[in-house]
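S.K.: Before I ask anything, here is the structure I am working with.
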Amino acid sequence: MQRQRAIRLAWEEFLTKGRPPHGLLQAVAASWARSRTSGVSARRREAPLAGEAEVFRRRIQNADLLTAACPALERSGLLLAEATSMMVLADASGFVMETAGDPRVVNDGKRNHLEIGGRWEEGVIGTNAIGTALADAKPVQIFGAEHFCEDVQRWTCAASPVRHPIDGQLLGVVDISGPASAFNPQSLALVMALGQEIEASLGRTAKLEHEILLRHFVSKRSIWLSEDILVVDRRGVVVHTTQKARHRMNAQASNDLPQELRQMIGTALSQSWESNFQRQFPNASLEIVKNNDTAIGCLIVLRQARGRTATAANARPHAEASVGFEQILGESAAMREARERARKLAANTLPILIEGETGVGKELFARAIKGASLSAEGLFVPMNCAGMARDLIASELFGYAKGAFTGADENGRAGKIEKADGGVLCLDEIGSMPLDLQSYLLRVLEDGVVYRVGGHEGCHVDIRVLSMTNRDLAAEVEAGRFRRDLYYRIAAARIRIPPLRERGDDLLLLAEHLAAAAAARLGRPTPTFDVDALALLRGYHWPGNVRELRNAIDAMVTLNESGHLGIDDLPPEIVTASRAMQQPSASSAGVLPDTGNLMKSAERSAILAQLRECGGNVTETARRLGIARSTLYVRLAEYGELRSVIPRRIVRRLDGRASERPVDGRSRTQHAG
């Protein structure tokens, strides 16, 4: 009770002064601030309530989530019946679709519209477990007076987001709510367990459907031997594809391919899949796969273009593999170290393990290593070890003999290892390879002999293996999920690609290069960046790394019509997150020694001194300082020295009143990611 009184006083202070008091949980303080910004009234008594038609539509739209949650809801109806608590299931917008538990609590929830049809997103009802868990994308517990709206403070709630295990999409949230006076402190642990149970159920269903899709694919493969095929599930997630098919799809896609597949298939009725797809990919045909009369996915067949010569077809993989280290952008210390290490290791034949988070550019490094190695004239053969059934991985990697299984090519087929003979085999997401197949791969790597599935004759191969992973393989070894002997075999040398957040001002260089490339594809002049927009890009944490940056820049350039990219062009989530990350340093001013200001002052003096020494020559100054010119512009803008030191044409360029090339002038260079 004493804690609740303290929180209540903090809440009243916040409403009066408009800023969260010290000592309040950061998540709650941030949520209060968001609620106030959204214009939520602290006196609001109830959430918006939808009618039956909207409830029915939402239930249909989220049928998979409801089905997966059904066992947990039924069990909660029994377990919580006498526990003065109830379970609430809401979709990704905070719309309540189902409740179960103590009938008295369920009935009491109607006073605040904590019932089926209620909308509990933060923007309309303020801080609450459902809305805050969705906003923060993590489990949260909101005690009594921590709620933003006064009448909702009679509740204490715990909520955990539910994501689809295949692609991580946020599907909804599961919540346990009860009176603040009688709430069980173990509810947060319980609701997290319920969320994991629902996700596991979704994963089992998806795995079963993927197996059905793959079996259908294998049965049809002999019919389309000369065609490229993608296997896509009903969420628009690629279950299986060849690298060649992916390249063809990416070349024709007007946007990010996974995003387009989700729009054309994942968010559409199955009756519309084929028409949606053929509008974008006219040379493709689509076959829907059903299980018990329910569409679970499709096979997409990419027809070969007529009149295409064999010479052109054979030359294409070599053209795609041509990547040099000079084409990998980045001047940060971490990136220079990774690039130099890769350059040195390329000269020998050691197997290399390339480590890094999703989207950092591991394959780009792999292709650059291949291009600088003794295998430069051979093929670069990539294979993704994740997301495929065990048998499919085996046949793709090792190949299969004649009659190995039903639907197999009558002449058998060479696997990736045979195709990479004399070149490089690049194994992506090697940590996802099934444990029982790892021993076969180890034997091939040690003996240099591969046996096809169902065959008894060995084929000698000379390959260099480059493996890639976003996992900690050493930890996987200790956990028994990866063979220790294979780990030492593929990781004779290791290269860590730094995430974008560790690369400092490389982001500015990449942003300008990506903007120039995106504009060139659209036939537009290279856009300029507002300094404040660059600062927000620089402050964002980029969990998706260079891939996320590329997608963001592509969208900005596509939607912008002025040729000048400012804060309004940035994706809202990047602006919000970047500003939120800047707040703690501002609030802690005066608490810790002000070493940050001393460093900034020293940096400012050094930069201005170097600029004066170079007679105002920006290019020479940036070269001597070892930074990009775009970085120098941002620093000078922060110091308020742009107009007094930099020529007017540069000031106009940063202000968007002139349109020139990016400051680094690189328009044809590739980027890591």
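The values are calculated or read from the model by the stated rules, or taken from the named source; none is laboratory data. This structure is a prediction, so every number in the text was calculated from the model and none was measured. Every residue, glycine as well, gets a Cβ built from its backbone with ideal geometry; the counts of neighbours run over all protein chains shown. In case anyone asks, the SASA skips ligands and DNA or RNA and just uses the protein heavy atoms, side chains included. Shrake-Rupley method; radii C 1.70, N 1.55, O 1.52, S 1.80 Å.
S.K.: So if R0 is 56 Å, what FRET efficiency would Glu46 and Asn292 give, r being the distance between their Cβ atoms, rounded to the nearest 0.05?
M.R.: Given R0 = 56 Å and the Cβ-Cβ separation, E is 0.85.
S.K.: Given points 7 Å out from each Cα along the Cα-Cβ axis, report the Phe56 to Lys402 separation in nanometres with one decimal.
M.R.: Inter-label distance under the simple model: 6.1 nm.
S.K.: Under the classification rounded if a/c is under 1.5, otherwise prolate if a/b is larger than b/c and oblate if not, where does region 504-551 fall, given a ≥ b ≥ c as square roots of the Cα gyration tensor eigenvalues?
M.R.: oblate
S.K.: Same structure again: To check you understand DSSP bridge types, tell me what percent of the beta bridges within region 372-519 (both residues inside) are antiparallel, rounded to 5.
M.R.: 35 percent
S.K.: Taking the Cα atoms of region 477-562, what is the range of coordinates along each of the three principal axes, in descending order and whole Å?
M.R.: Extents along the principal axes: 57, 26, 20 Å.
S.K.: Can you tell me how much longer the chain between Gln26 and Cys70 gets when fully stretched, taken as 0.36 nm per residue apart minus their C-alpha distance, in nm with one decimal?
M.R.: Here the segment from Gln26 to Cys70 would lengthen by 12.4 nm.
S.K.: Quick one: grab Rg to one decimal and Dmax as a whole number for region 152-213, Cα atoms only, in Å.
M.R.: Both quantities, over Cα of region 152-213: 15.0, 51 Å.
S.K.: How big is the gap, in Å, between the Cα center of region 498-537 and the Cα center of region 147-204?
M.R.: When both Cα centres are located, 38 Å separates them.
S.K.: Something else: Can you give me the distance in nm between label points at Glu457 and Ala268, each placed 7 Å from the Cα along the Cα-to-Cβ direction?
M.R.: 4.6 nm
S.K.: Let me ask something else about it. What is the Cα convex hull volume of region 35-76 when expressed per residue in Å³?
M.R.: Cα-based convex hull of region 35-76, divided per residue, equals 144 Å³.
S.K.: Assuming R0 = 30 Å, what is the FRET efficiency of Ser181 and Met581, from their Cβ-Cβ distance, to the nearest 0.05?
M.R.: 0.20
S.K.: Please compare each pair in Lys138/Lys290; Lys138/Lys207; Lys207/Lys419; Lys138/Lys362; Lys220/Lys419; Lys207/Lys416 to a cut-off of 32 Å on the Cα-Cα distance and tell me which ones are over it.
M.R.: Lys138/Lys290
S.K.: Give me the number: length gained by fully extending Ala492 to His541, i.e. 0.36 nm times residue separation minus the C-alpha to C-alpha distance, one decimal in nm.
M.R.: Separation in residues times 0.36 nm, less the Cα-Cα distance, equals 14.5 nm.
S.K.: Magnitude of the Cβ-charge dipole of region 449-539, K/R +1 and D/E -1, about the Cα centre, nearest 20 debye?
M.R.: Its charge dipole is roughly 300 debye.
S.K.: Using a 1.4 Å probe over the heavy atoms of the protein chains, calculate the carbon and sulfur portion of the accessible area of region 103-211 as a whole percent.
M.R.: Reported share for carbon and sulfur atoms: 53 percent.
S.K.: In Å, what is the Rg of the alpha-carbon atoms in region 439-583, and how long is Dmax?
M.R.: When restricted to Cα atoms, region 439-583 yields Rg and Dmax of 22.5, 65 Å.
S.K.: What is the ratio of the Cα radius of gyration of region 151-290 to 2.2 N^0.38 Å, where N is its residue count, to two decimals?
M.R.: Its radius of gyration relative to the 2.2 N^0.38 Å reference: 1.43.
S.K.: What value does region 414-466 have for Rg/Rh, both radii from Cα atoms and Rh as Kirkwood defines it?
M.R.: 0.93
S.K.: Which value, in debye to the nearest 20, gives the size of the charge dipole of region 24-82 about its Cα centre, when Lys and Arg are +1 and Asp and Glu are -1 at the Cβ?
M.R.: So the magnitude is around 400 debye.
S.K.: Sticking with this structure for a sec: Give the Debye-formula value of log10 I(q)/I(0) at each listed q (0.14 Å⁻¹), with one equal scatterer per alpha carbon of region 19-165, two decimals each.
M.R.: Debye intensities relative to I(0), on a log10 scale: -0.65.
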